[in-house]
Amino acid sequence: MMSCQAWPEPVVRVQSLAESGLSSIPSRYIRPHSQRPSNTTSLAPHKPSQADYDHDHGHNHDHDHDHINIPVVDFEHLFSEDYILREEVFRRVDEACQEWGFFQVVNHGVSHELMKSARELWREFFNQPLEVKEEYANSPTTYEGYGSRLGVHKGATLDWSDYFFLHYMPPSLRNQAKWPTFPPSLRKVIAEYSEGVVKLGGRVLNVMSTNLGLKEDFLLNAFGGESELGACLRVNFYPKCPQPDLTLGLSPHSDPGGMTILLPDDFVSGLQVRKGDEWITVKPVPNAFIINIGDQIQVLSNAIYKSVEHRVIVNSNQDRVSLAMFYNPRSDLLIEPAKELVTKEKPALYSPMTYDEYRLYIRLNGPCGKAQVESLASQT
Ligand code: OGA
Ligand code: NI
(Lines give C-alpha, C1' and ligand atoms only; values in the text may rest on other atoms or scores of the structure.)
(Ligands and ions follow the chains in the order given, each with its own letter.)
Protein backbone atom coordinates (compact mmCIF):
# COMPACT_ATOMS: atom_id res chain seq x y z
CA MET A 1 0.00 0.00 0.00
CA MET A 2 1.32 3.39 -0.99
CA SER A 3 1.55 5.80 1.91
CA CYS A 4 2.67 9.36 2.31
CA GLN A 5 4.36 10.87 5.33
CA ALA A 6 4.57 14.48 4.26
CA TRP A 7 3.21 17.05 1.83
CA PRO A 8 5.11 17.23 -1.48
CA GLU A 9 5.80 20.97 -1.12
CA PRO A 10 5.50 23.65 1.55
CA VAL A 11 1.89 24.23 2.62
CA VAL A 12 0.47 27.72 2.20
CA ARG A 13 -2.48 28.71 4.38
CA VAL A 14 -5.12 30.24 2.14
CA GLN A 15 -6.49 32.39 4.95
CA SER A 16 -3.05 33.98 5.46
CA LEU A 17 -2.76 34.58 1.73
CA ALA A 18 -6.18 36.22 1.66
CA GLU A 19 -5.38 38.35 4.70
CA SER A 20 -2.12 39.56 3.16
CA GLY A 21 -4.33 41.76 0.99
CA LEU A 22 -3.14 40.57 -2.40
CA SER A 23 -5.19 41.78 -5.37
CA SER A 24 -4.53 38.82 -7.65
CA ILE A 25 -4.31 35.17 -6.68
CA PRO A 26 -1.17 33.03 -7.15
CA SER A 27 -1.17 30.85 -10.27
CA ARG A 28 -1.43 27.68 -8.13
CA TYR A 29 -5.09 28.54 -7.48
CA ILE A 30 -6.03 29.52 -11.03
CA ARG A 31 -8.05 26.87 -12.82
CA PRO A 32 -8.06 26.21 -16.55
CA HIS A 33 -10.77 28.17 -18.34
CA SER A 34 -13.13 25.22 -18.71
CA GLN A 35 -13.19 24.59 -14.94
CA ARG A 36 -13.87 28.13 -13.77
CA PRO A 37 -17.16 28.82 -12.01
CA SER A 38 -18.80 31.06 -14.60
CA ASN A 39 -17.79 28.88 -17.54
CA THR A 40 -19.24 25.75 -16.02
CA THR A 41 -22.56 26.98 -14.67
CA SER A 42 -23.91 25.10 -17.61
CA LEU A 43 -21.83 21.99 -18.23
CA ALA A 44 -23.30 21.52 -21.68
CA PRO A 45 -21.14 23.00 -24.44
CA HIS A 46 -22.21 26.59 -24.62
CA LYS A 47 -23.14 27.85 -28.06
CA PRO A 48 -22.90 31.63 -27.97
CA SER A 49 -25.91 33.39 -29.41
CA GLN A 50 -26.28 37.02 -30.38
CA ALA A 51 -28.14 37.61 -27.12
CA ASP A 52 -25.04 36.68 -25.13
CA TYR A 53 -23.10 39.46 -26.74
CA ASP A 54 -25.96 41.93 -26.45
CA HIS A 55 -26.78 41.37 -22.79
CA ASP A 56 -24.59 39.31 -20.63
CA HIS A 57 -21.39 38.40 -22.32
CA GLY A 58 -19.01 37.06 -19.71
CA HIS A 59 -21.58 36.58 -17.00
CA ASN A 60 -23.13 33.53 -15.44
CA HIS A 61 -25.87 31.91 -17.41
CA ASP A 62 -27.71 30.63 -14.41
CA HIS A 63 -30.58 33.12 -14.28
CA ASP A 64 -32.97 30.43 -15.51
CA HIS A 65 -32.18 28.38 -12.43
CA ASP A 66 -32.46 31.02 -9.75
CA HIS A 67 -35.64 29.44 -8.46
CA ILE A 68 -34.31 25.87 -8.29
CA ASN A 69 -33.19 24.48 -4.95
CA ILE A 70 -32.52 21.03 -3.55
CA PRO A 71 -35.58 19.49 -1.81
CA VAL A 72 -36.36 20.45 1.79
CA VAL A 73 -37.72 17.66 3.99
CA ASP A 74 -39.48 18.33 7.30
CA PHE A 75 -38.74 15.61 9.88
CA GLU A 76 -41.44 16.77 12.28
CA HIS A 77 -43.62 13.75 11.54
CA LEU A 78 -40.86 11.16 11.24
CA PHE A 79 -42.03 9.39 14.40
CA SER A 80 -45.67 10.37 14.16
CA GLU A 81 -48.34 7.88 15.20
CA ASP A 82 -50.10 8.97 12.06
CA TYR A 83 -49.06 6.52 9.36
CA ILE A 84 -49.96 8.87 6.48
CA LEU A 85 -47.84 11.71 7.84
CA ARG A 86 -44.93 9.40 8.55
CA GLU A 87 -45.09 7.80 5.12
CA GLU A 88 -44.95 11.22 3.52
CA VAL A 89 -41.59 11.95 5.21
CA PHE A 90 -40.18 8.64 3.96
CA ARG A 91 -41.48 9.29 0.46
CA ARG A 92 -39.92 12.74 0.28
CA VAL A 93 -36.55 11.44 1.45
CA ASP A 94 -36.68 8.67 -1.17
CA GLU A 95 -37.57 11.09 -3.93
CA ALA A 96 -34.73 13.42 -2.93
CA CYS A 97 -32.24 10.53 -2.79
CA GLN A 98 -33.23 9.35 -6.26
CA GLU A 99 -33.52 12.72 -7.97
CA TRP A 100 -30.84 14.78 -6.29
CA GLY A 101 -28.71 12.72 -3.92
CA PHE A 102 -29.04 15.84 -1.75
CA PHE A 103 -31.69 17.36 0.50
CA GLN A 104 -32.07 19.80 3.38
CA VAL A 105 -33.76 18.74 6.57
CA VAL A 106 -35.63 20.89 9.09
CA ASN A 107 -37.07 19.86 12.46
CA HIS A 108 -34.16 17.45 12.68
CA GLY A 109 -33.92 17.47 16.47
CA VAL A 110 -30.47 19.07 16.84
CA SER A 111 -30.54 22.27 18.91
CA HIS A 112 -30.27 25.43 16.81
CA GLU A 113 -28.27 27.06 19.59
CA LEU A 114 -25.74 24.25 19.48
CA MET A 115 -25.43 24.55 15.69
CA LYS A 116 -24.85 28.25 15.96
CA SER A 117 -22.28 28.02 18.71
CA ALA A 118 -20.38 25.23 16.92
CA ARG A 119 -20.08 27.40 13.81
CA GLU A 120 -19.16 30.53 15.75
CA LEU A 121 -16.51 28.80 17.87
CA TRP A 122 -14.89 27.32 14.77
CA ARG A 123 -14.86 30.77 13.18
CA GLU A 124 -12.98 31.99 16.27
CA PHE A 125 -10.54 29.12 15.95
CA PHE A 126 -9.69 30.09 12.37
CA ASN A 127 -9.40 33.76 13.34
CA GLN A 128 -6.51 33.06 15.72
CA PRO A 129 -2.92 33.90 14.76
CA LEU A 130 -1.33 31.52 12.28
CA GLU A 131 1.28 30.17 14.78
CA VAL A 132 -1.46 28.87 17.05
CA LYS A 133 -3.19 27.00 14.24
CA GLU A 134 0.11 25.62 12.93
CA GLU A 135 0.44 23.62 16.15
CA TYR A 136 -2.31 21.44 14.70
CA ALA A 137 -0.81 21.17 11.19
CA ASN A 138 -1.80 17.88 9.57
CA SER A 139 -0.03 15.42 7.29
CA PRO A 140 -1.35 13.14 4.54
CA THR A 141 -0.88 10.05 6.73
CA THR A 142 -4.13 10.60 8.64
CA TYR A 143 -5.25 14.08 7.58
CA GLU A 144 -6.20 14.86 11.19
CA GLY A 145 -5.71 18.48 12.16
CA TYR A 146 -5.30 21.80 10.36
CA GLY A 147 -4.90 21.42 6.61
CA SER A 148 -4.98 23.28 3.33
CA ARG A 149 -4.99 20.60 0.66
CA LEU A 150 -6.37 17.19 -0.24
CA GLY A 151 -4.10 15.08 -2.42
CA VAL A 152 -0.34 14.85 -2.57
CA HIS A 153 0.60 15.48 -6.20
CA LYS A 154 3.31 18.07 -6.53
CA GLY A 155 2.22 21.06 -8.60
CA ALA A 156 -1.52 20.23 -8.45
CA THR A 157 -4.00 23.09 -8.79
CA LEU A 158 -5.07 24.06 -5.27
CA ASP A 159 -8.45 24.96 -3.80
CA TRP A 160 -9.18 28.27 -2.09
CA SER A 161 -9.79 26.92 1.43
CA ASP A 162 -8.32 25.67 4.70
CA TYR A 163 -9.91 23.05 6.95
CA PHE A 164 -9.71 21.20 10.25
CA PHE A 165 -10.31 17.45 10.25
CA LEU A 166 -10.98 15.27 13.31
CA HIS A 167 -12.38 11.87 14.25
CA TYR A 168 -15.42 11.55 16.48
CA MET A 169 -16.25 7.86 15.95
CA PRO A 170 -15.36 5.10 16.56
CA PRO A 171 -14.37 5.95 20.15
CA SER A 172 -10.98 4.30 19.62
CA LEU A 173 -10.08 7.04 17.10
CA ARG A 174 -11.50 9.90 19.15
CA ASN A 175 -8.54 11.78 20.54
CA GLN A 176 -9.45 15.07 22.16
CA ALA A 177 -5.76 15.92 22.49
CA LYS A 178 -5.83 16.55 18.73
CA TRP A 179 -8.82 18.89 18.99
CA PRO A 180 -8.26 22.65 19.43
CA THR A 181 -7.92 23.99 22.98
CA PHE A 182 -9.16 27.42 21.94
CA PRO A 183 -11.79 28.77 22.20
CA PRO A 184 -12.04 27.12 25.63
CA SER A 185 -15.50 25.65 25.07
CA LEU A 186 -14.74 24.29 21.59
CA ARG A 187 -13.94 20.70 22.65
CA LYS A 188 -17.10 20.40 24.69
CA VAL A 189 -19.20 21.87 21.91
CA ILE A 190 -17.61 19.61 19.26
CA ALA A 191 -18.51 16.58 21.38
CA GLU A 192 -22.12 17.70 21.96
CA TYR A 193 -22.61 18.77 18.38
CA SER A 194 -21.16 15.54 17.01
CA GLU A 195 -23.29 13.42 19.30
CA GLY A 196 -26.45 15.15 18.07
CA VAL A 197 -25.49 14.98 14.41
CA VAL A 198 -24.44 11.32 14.59
CA LYS A 199 -27.77 10.47 16.21
CA LEU A 200 -29.58 12.27 13.40
CA GLY A 201 -27.45 10.32 10.91
CA GLY A 202 -28.63 7.04 12.40
CA ARG A 203 -32.26 8.07 11.89
CA VAL A 204 -31.62 9.08 8.30
CA LEU A 205 -29.88 5.76 7.58
CA ASN A 206 -32.95 3.93 8.93
CA VAL A 207 -35.19 5.88 6.59
CA MET A 208 -32.92 5.18 3.63
CA SER A 209 -32.66 1.45 4.45
CA THR A 210 -36.44 1.15 4.67
CA ASN A 211 -36.88 3.08 1.42
CA LEU A 212 -34.48 0.68 -0.29
CA GLY A 213 -36.66 -2.24 0.83
CA LEU A 214 -34.07 -3.39 3.38
CA LYS A 215 -34.37 -3.97 7.13
CA GLU A 216 -34.36 -0.58 8.83
CA ASP A 217 -31.00 -1.19 10.50
CA PHE A 218 -29.32 -2.54 7.36
CA LEU A 219 -27.17 0.48 6.50
CA LEU A 220 -26.26 1.24 10.10
CA ASN A 221 -25.17 -2.37 10.59
CA ALA A 222 -23.25 -2.38 7.32
CA PHE A 223 -21.36 0.65 8.72
CA GLY A 224 -20.46 -1.31 11.84
CA GLY A 225 -23.40 -0.41 14.10
CA GLU A 226 -23.96 2.53 16.43
CA SER A 227 -20.82 2.02 18.48
CA GLU A 228 -18.33 1.20 15.74
CA LEU A 229 -19.30 3.26 12.69
CA GLY A 230 -16.97 6.01 11.50
CA ALA A 231 -17.80 9.69 11.93
CA CYS A 232 -15.36 12.48 11.19
CA LEU A 233 -15.79 16.20 11.14
CA ARG A 234 -14.26 18.43 8.48
CA VAL A 235 -14.63 22.12 9.21
CA ASN A 236 -14.09 24.14 6.04
CA PHE A 237 -12.94 27.75 6.03
CA TYR A 238 -13.30 29.55 2.70
CA PRO A 239 -11.55 32.94 2.89
CA LYS A 240 -12.59 35.92 0.81
CA CYS A 241 -10.98 35.76 -2.59
CA PRO A 242 -9.94 38.76 -4.72
CA GLN A 243 -10.55 36.83 -7.97
CA PRO A 244 -13.40 34.39 -7.25
CA ASP A 245 -14.06 33.79 -10.96
CA LEU A 246 -10.68 32.13 -11.47
CA THR A 247 -10.75 29.55 -8.69
CA LEU A 248 -12.90 27.19 -6.60
CA GLY A 249 -13.22 26.83 -2.82
CA LEU A 250 -13.49 23.07 -3.25
CA SER A 251 -13.08 21.14 -6.51
CA PRO A 252 -15.90 18.96 -7.87
CA HIS A 253 -16.09 15.67 -5.97
CA SER A 254 -18.48 13.13 -4.55
CA ASP A 255 -18.00 12.33 -0.87
CA PRO A 256 -16.13 9.01 -0.60
CA GLY A 257 -17.86 7.93 2.64
CA GLY A 258 -21.41 6.83 3.38
CA MET A 259 -23.40 10.00 3.94
CA THR A 260 -22.59 13.61 4.81
CA ILE A 261 -24.48 15.95 7.12
CA LEU A 262 -23.41 19.51 6.40
CA LEU A 263 -24.02 22.62 8.44
CA PRO A 264 -23.57 25.43 5.92
CA ASP A 265 -22.73 29.04 6.70
CA ASP A 266 -25.79 30.94 7.92
CA PHE A 267 -25.23 33.92 5.61
CA VAL A 268 -22.90 33.04 2.76
CA SER A 269 -23.83 30.54 0.05
CA GLY A 270 -21.24 28.71 -2.01
CA LEU A 271 -22.17 25.04 -2.28
CA GLN A 272 -23.18 23.94 -5.78
CA VAL A 273 -24.71 20.57 -6.61
CA ARG A 274 -24.58 18.95 -9.99
CA LYS A 275 -27.97 18.32 -11.57
CA GLY A 276 -27.59 16.80 -15.01
CA ASP A 277 -25.47 19.26 -16.93
CA GLU A 278 -25.93 22.18 -14.55
CA TRP A 279 -24.44 23.40 -11.28
CA ILE A 280 -27.24 24.45 -8.92
CA THR A 281 -26.35 26.82 -6.07
CA VAL A 282 -27.87 25.57 -2.83
CA LYS A 283 -29.89 28.17 -0.93
CA PRO A 284 -29.63 27.09 2.69
CA VAL A 285 -32.84 27.17 4.72
CA PRO A 286 -32.20 28.70 8.18
CA ASN A 287 -31.25 26.07 10.79
CA ALA A 288 -31.41 23.20 8.30
CA PHE A 289 -28.78 20.56 7.66
CA ILE A 290 -27.81 19.57 4.14
CA ILE A 291 -27.60 15.79 3.74
CA ASN A 292 -26.05 13.96 0.81
CA ILE A 293 -25.37 10.42 -0.34
CA GLY A 294 -21.73 9.32 -0.47
CA ASP A 295 -20.03 6.66 -2.58
CA GLN A 296 -20.42 3.88 0.03
CA ILE A 297 -24.23 4.11 -0.07
CA GLN A 298 -24.01 4.02 -3.86
CA VAL A 299 -22.10 0.74 -3.52
CA LEU A 300 -24.34 -0.74 -0.78
CA SER A 301 -27.52 0.14 -2.70
CA ASN A 302 -26.04 -1.26 -5.93
CA ALA A 303 -26.44 2.24 -7.43
CA ILE A 304 -30.16 2.61 -6.68
CA TYR A 305 -28.98 5.70 -4.79
CA LYS A 306 -26.06 7.55 -6.29
CA SER A 307 -23.58 9.95 -4.78
CA VAL A 308 -23.71 13.32 -6.50
CA GLU A 309 -20.91 15.64 -7.50
CA HIS A 310 -20.70 18.97 -5.74
CA ARG A 311 -18.25 21.86 -5.45
CA VAL A 312 -17.86 25.17 -3.63
CA ILE A 313 -17.46 28.63 -5.16
CA VAL A 314 -15.97 31.58 -3.29
CA ASN A 315 -16.62 35.31 -3.31
CA SER A 316 -14.79 38.57 -2.71
CA ASN A 317 -16.95 39.91 0.12
CA GLN A 318 -17.28 37.36 2.90
CA ASP A 319 -15.51 34.37 4.45
CA ARG A 320 -17.57 31.20 4.63
CA VAL A 321 -17.52 28.44 7.29
CA SER A 322 -19.14 25.01 6.94
CA LEU A 323 -19.09 21.87 9.12
CA ALA A 324 -19.23 18.55 7.25
CA MET A 325 -19.85 15.43 9.34
CA PHE A 326 -18.89 12.37 7.33
CA TYR A 327 -20.80 9.29 8.33
CA ASN A 328 -18.73 6.31 7.20
CA PRO A 329 -18.40 2.55 7.49
CA ARG A 330 -15.87 1.40 10.07
CA SER A 331 -12.80 1.49 7.91
CA ASP A 332 -11.87 -2.21 7.96
CA LEU A 333 -15.30 -3.61 6.99
CA LEU A 334 -15.90 -4.91 3.48
CA ILE A 335 -18.52 -2.86 1.68
CA GLU A 336 -20.44 -4.46 -1.18
CA PRO A 337 -23.93 -4.29 -2.72
CA ALA A 338 -26.70 -5.60 -0.43
CA LYS A 339 -27.54 -9.18 -1.43
CA GLU A 340 -31.24 -8.23 -1.45
CA LEU A 341 -30.54 -5.69 -4.19
CA VAL A 342 -28.56 -8.01 -6.43
CA THR A 343 -30.62 -9.94 -8.99
CA LYS A 344 -30.11 -11.66 -12.33
CA GLU A 345 -31.39 -8.53 -14.04
CA LYS A 346 -29.30 -6.27 -11.85
CA PRO A 347 -26.03 -8.00 -10.93
CA ALA A 348 -23.64 -6.55 -8.37
CA LEU A 349 -21.96 -3.51 -9.88
CA TYR A 350 -19.11 -3.36 -7.36
CA SER A 351 -16.67 -5.80 -5.79
CA PRO A 352 -16.17 -5.81 -2.01
CA MET A 353 -13.69 -3.23 -0.72
CA THR A 354 -12.90 -1.75 2.68
CA TYR A 355 -13.33 1.97 3.24
CA ASP A 356 -9.66 2.12 4.26
CA GLU A 357 -8.73 0.98 0.80
CA TYR A 358 -11.39 3.08 -0.92
CA ARG A 359 -10.42 6.43 0.58
CA LEU A 360 -6.75 6.11 -0.36
CA TYR A 361 -7.68 7.29 -3.84
CA ILE A 362 -8.98 10.74 -2.80
CA ARG A 363 -6.27 11.06 -0.16
CA LEU A 364 -3.62 10.70 -2.87
CA ASN A 365 -5.32 12.30 -5.86
CA GLY A 366 -7.51 14.95 -4.25
CA PRO A 367 -11.08 15.64 -5.38
CA CYS A 368 -11.73 14.17 -8.88
CA GLY A 369 -15.47 14.35 -9.51
CA LYS A 370 -16.96 10.85 -9.54
CA ALA A 371 -13.95 9.24 -11.22
CA GLN A 372 -13.32 6.65 -8.54
CA VAL A 373 -16.76 5.15 -7.98
CA GLU A 374 -17.42 5.20 -11.72
CA SER A 375 -14.18 3.42 -12.51
CA LEU A 376 -15.15 0.62 -10.12
CA ALA A 377 -18.54 -0.21 -11.61
CA SER A 378 -18.36 -3.46 -13.56
CA GLN A 379 -19.17 -3.14 -17.21
CA THR A 380 -22.28 -5.26 -17.55
C1 OGA B 1 -17.06 18.66 1.83
C2 OGA B 1 -18.00 19.57 1.12
C3 OGA B 1 -19.27 21.61 1.09
C4 OGA B 1 -19.31 22.96 1.72
O5 OGA B 1 -16.46 19.10 2.84
O6 OGA B 1 -16.90 17.50 1.36
O7 OGA B 1 -18.49 19.19 0.09
O8 OGA B 1 -20.31 23.66 1.50
N9 OGA B 1 -18.28 20.77 1.67
O10 OGA B 1 -18.36 23.33 2.40
NI1 NI C 1 -18.24 17.09 -0.20
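The values are calculated or read from the model by the stated rules, or taken from the named source; none is laboratory data. Just so it is clear, the structure is predicted and the values come from calculations on it, not from any experiment. Note that each Cβ is placed from the backbone with ideal geometry, even for glycine, and that neighbours are counted across all protein chains shown. Side chains are part of the model used for accessible areas, which takes the heavy atoms of the whole protein and leaves out ligands, DNA and RNA. Shrake-Rupley method; radii C 1.70, N 1.55, O 1.52, S 1.80 Å.
Listed by first and then second residue, the pairs linking a residue in segment 331-356 that is farther than 16 Å from I304 by Cβ and of a type in the set (S, T, Y) to a residue that is open to solvent by less than 30 Å² (accessible area, probe 1.4 Å) and assigned to a helix (DSSP H, G or I), with Cβ atoms under 8 Å apart and 6 or more places separating them unless they lie on different chains, are S331/Y355; Y355/Q296.
Give, as residue ranges, the strands (runs of 3 or more DSSP E) completely inside segment 226-332 that count at least 2 residues that are closer than 29 Å to S351 by Cβ. Write out each step before concluding.
On the way: elements: 230-238, 250-253, 259-263, 271-275, 278-281, 289-293, 310-312, 320-328.
Output list reads 230-238, 250-253, 259-263, 271-275, 289-293, 310-312, 320-328.
Per-residue answers, yes or no, for (1) more than 13 Å from ligand 2 (Cβ to nearest atom); (2) buried (at least 21 other Cβ atoms within 10 Å of the Cβ):
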residue: C241; (1), (2): yes, yes
residue: P256; (1), (2): no, yes
residue: I261; (1), (2): no, yes
residue: F267; (1), (2): yes, no
residue: P284; (1), (2): yes, yes
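Take segment 126-152 and flag every residue that is away from ligand 2 (no atom under 16 Å from the Cβ) and in contact with a Pro (Cβ under 7 Å, 6 or more places away or on another chain).
So the first thing to find is which residues in segment 126-152 are away from ligand 2 (no atom under 16 Å from the Cβ), and the list is 126-142, 144-146, 148, 152.
Of everything in segment 126-152, those that are away from ligand 2 (no atom under 16 Å from the Cβ) and in contact with a Pro (Cβ under 7 Å, 6 or more places away or on another chain) turn out to be Y136, V152.
A single entry from V93, V110, V89, V105 fulfils the requirement of being assigned to a loop (DSSP other than H, G, I, E, B), under 21 Å from V207 (Cβ atoms) and modelled with pLDDT of 95 or more: V110.
Test N365 against the criterion of being within 30 Å of P242 (Cβ to Cβ) and modelled with pLDDT under 95, and give yes or no. In short, yes. Scanning segment 297-345 for residues that are of a type in the set (K, R) and more than 30 Å from R119 (Cβ to Cβ) returns K339, K344. So the check is Cβ under 7 Å with 6+ separation or different chains; which pairs have a first residue in segment 208-221 that's among the β-branched types (V, I, T) and a second one that's open to solvent by 50 Å² or more (accessible area, probe 1.4 Å)? If the second residue must be open to solvent by 50 Å² or more (accessible area, probe 1.4 Å), the pairs left are T210/E216.
Conditions tested, residue by residue: (1) more than 15 Å from ligand 2 (Cβ to nearest atom); (2) of a type in the set (K, R); (3) at pLDDT below 95.
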| residue | (1), (2), (3) |
| --- | --- |
| L229 | yes, no, no |
| L246 | yes, no, no |
| G276 | yes, no, yes |
| S301 | yes, no, no |
| I304 | yes, no, no |
| I313 | no, no, no |
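Does A288 qualify as being in contact (Cβ under 8 Å) with a residue 60 or more places away in the chain and under 21 Å from M259 (Cβ atoms)? It is true that A288 is in contact (Cβ under 8 Å) with a residue 60 or more places away in the chain and under 21 Å from M259 (Cβ atoms). Within segment 334-361, being surrounded by fewer than 21 Cβ atoms within 10 Å (Cβ to Cβ) and of a type in the set (A, V, I, L, M) holds for L334, A338, L341, V342, A348, L349, M353, L360.
Please go through segment 206-225 and give me each residue that is in contact with a Gly (Cβ under 8 Å, 6 or more places away or on another chain) and either in a helix (DSSP H, G or I) or small (G, A, S) (or both), ordered by number. Scanning segment 206-225 gives L219, L220, G224.
The listed residues are S227, S194, S161, S148, and the only one of them that is of a type in the set (S, T, N, Q), surrounded by fewer than 16 Cβ atoms within 10 Å (Cβ to Cβ) and either under 30 Å from S27 (Cβ atoms) or touching a residue at least 24 places away in the same chain (Cβ under 8 Å) (or both) turns out to be S227.
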